[in-house]
Amino acid sequence: MERKLMEKKTSIQKVNQKGAVLVGIVMGSQSDWETMKHAAVTLETLKISNKVAIHSAHRTPHRLTEWVMKLEKQGTKIFIAGAGMAAALPGVVAAITTKPVLGCPMQTSFMGGLDSLLSMVQMPGGIPVGVMAVGRAGAINSALLAASILALSDPKIYKALKKFRTQQTEAVPLKPN
Ligand code: RP5
């Protein structure tokens with residue numbers, strides 16, 4: 001499943017191959033995938049087309065710029081960017097595109113992810129990044145927030161999101177076992 005998601009064509013991309021990939025997921029390193037796979041899996045659950053890539057703001061800035069511009073040109077509507085430490089990635093993506101950018105701070109060994117969080121959230125006025133929680137919860141929520149934004153103009157995604165919420169509510173037990 002993980003490997004498949006990292007390949008160019010996920011199952012959802014195949015389903016939507018005539019349309020644009022709605023969400024671009026980028027991460028700064030292979031080491032981020034363990035967390036960012038939750039964003040991809042959540043989008044897959046909601047049947048939202050997505051493309052996953054590794055591009056670093058620091059190590060591969062030119063490749064990153066080309067990827068964002070290419071996807072934007074093809075009609076991608078939202079970008080999710082996950083990074084850790086001096087986590088410039090979402091800010092740089094937001095500098096390249098005017099599409100909504102959601103940042104996912106990675107948990108780190110030095111400051112537990114506070115370094116990643118502050119790097120993302122302290123954007124200068126004019127270039128916004130919507131920053132999620134540190135780690136897995138943030139990655140899941142980035143996909144759900146992307147779905148909420150897309151659902152404003154897409155009834156199918158609205159329906160999928162409503163179903164997800166209903167199932168989530170029903171899955172909460174009344175008592176611990
Ligand atoms: C960031 O540096 C990446 O997003 C990653 O979270 C962190 C460490 O990268 P690696 O040294 O594991 O490649 O750019």
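General remarks:
- Test: residue in the stretch 151-168 that is under 18 Å from Ala94 (Cα atoms) and more than 13 Å from the chain's Cα centre (by Cα): no
- Among the candidates Ala86, Ala133, Ala95, the residue that is closer than 26 Å to Leu46 by Cα and of a type in the set (A, V, I, L, M) is uniquely Ala133.
- Qualifying helices (runs of 4 or more DSSP H) (wholly inside the stretch 23-110; at least 2 residues being more than 17 Å from Ile140 (Cα to Cα)): 61-74, 89-96
- Search result, residues across the stretch 136-157 that are surrounded by 18 or more Cβ atoms within 10 Å (Cβ to Cβ) and within 16 Å of the ligand (Cβ to nearest atom): Gly138, Ala139, Ser142
- Any pair with Cβ under 7 angstrom, 6 or more apart, that starts in the stretch 30-44 at a residue that is under 16 Å from Leu89 (Cα atoms) and ends at one that is modelled with pLDDT of 95 or more and among the basic types (Lys, Arg): Thr35/Arg136
- Of the listed requirements (1) more than 14 Å from the ligand (Cβ to nearest atom); (2) more than 20 Å from Ala20 (Cβ to Cβ); (3) hydroxyl-bearing (Ser, Thr, Tyr), Ser109 misses just one: (1).
- Enumeration of residues in the stretch 21-58 that are away from the ligand (no atom under 16 Å from the Cβ) and basic (Lys, Arg): Lys47, Lys51
The values are calculated or read from the model by the stated rules, or taken from the named source; none is laboratory data. For clarity, every value in this text was computed on a predicted model and none was experimentally measured. Backbone-built Cβ (ideal geometry, glycine too); neighbour counts: all protein chains shown.
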